[in-house]
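Single-structure report; data block below.
The values are calculated or read from the model by the stated rules, or taken from the named source; none is laboratory data. Quick caveat, the model's predicted, so the values are computed rather than measured. Cβ placement follows ideal geometry from the backbone for every residue including glycine, while neighbour counts extend to all protein chains displayed.
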Amino acid sequence: MLYFIKGKIFLKTPTYIIIENNGIGYFVEVSLNTSEKIEEGEEVLLYTYQQVSEEKINLYGFIEKEERELFLLLITVPGIGPKVALRILSGLTIEEIYQGIISENVDVFKNVPGIGKKTAERMIVELKQKVEKIPVLVNNYKERELLFNAIEALVVLGYKRKEAGEIVNEILKEKREKTTLEDLIKEALRKLT
């Protein structure tokens, strides 16, 4: 299995690139997130996932290790293959996906083509506990912990998880890291009553 590939971008499109490494051009499918962060002619390192089937071998590439890890999590969900996982990563930021899963907010995924309500619900059920256990997005770890803890506190106080998640997400977008857990819960309670 290939873990990464380093080379020069020979050709770039929004959904795939050709990366040249030691005289060989590799066709690598990428998310819009990755595509936006690289330029044709540039030397890059892409973290990869190689899918081997009877018909062909597909190579998927990611500019960030965190994006690759999330991709690997997404494809463990029944009904979400590599193509759908790339669509999710193209339509949402890594942070939005994690927050949508943690807060059990199905609406976060409604604008992603091919992701209906049932698929989004299955994804949340399958990944919620896994996502809560891994220290992803180290620079946003504090924010993720705030989000999770505030939602849990509001659920204990009798509010619906989805409603609590939406309010807490909204407050965090406004305040970013300038808030404490206590302030976040107090503001959420004000908005919920």
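Assorted remarks:
- Test set (1) of a type outside the set (Lys, Arg); (2) surrounded by 14 or more Cβ atoms within 10 Å (Cβ to Cβ); (3) touching a helix residue (DSSP H, G or I) at 6+ places or on another chain (Cβ under 8 Å) - THR93 fails condition number: (2)
- Boolean, THR34 is of a type outside the set (Phe, Trp, Tyr) and either modelled with pLDDT of 95 or more or loosely packed, with under 13 Cβ neighbours inside 10 Å (or both): no
- So LEU74, is it of a type outside the set (Asp, Glu) and crowded, with 18+ Cβ neighbours inside 10 Å: yes
- For segment 49-75, a residue qualifies if it is assigned to a helix (DSSP H, G or I) and charged (D, E, K, R), and the qualifying residues are LYS65, GLU66, GLU67, ARG68, GLU69.
Residue-by-condition table, conditions (1) surrounded by 14 or more Cβ atoms within 10 Å (Cβ to Cβ); (2) of a type in the set (A, V, I, L, M, F, W, C):
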{"site": "MET1", "(1), (2)": "no, yes"}
{"site": "LYS6", "(1), (2)": "no, no"}
{"site": "GLU29", "(1), (2)": "yes, no"}
{"site": "GLU42", "(1), (2)": "no, no"}
{"site": "THR48", "(1), (2)": "yes, no"}
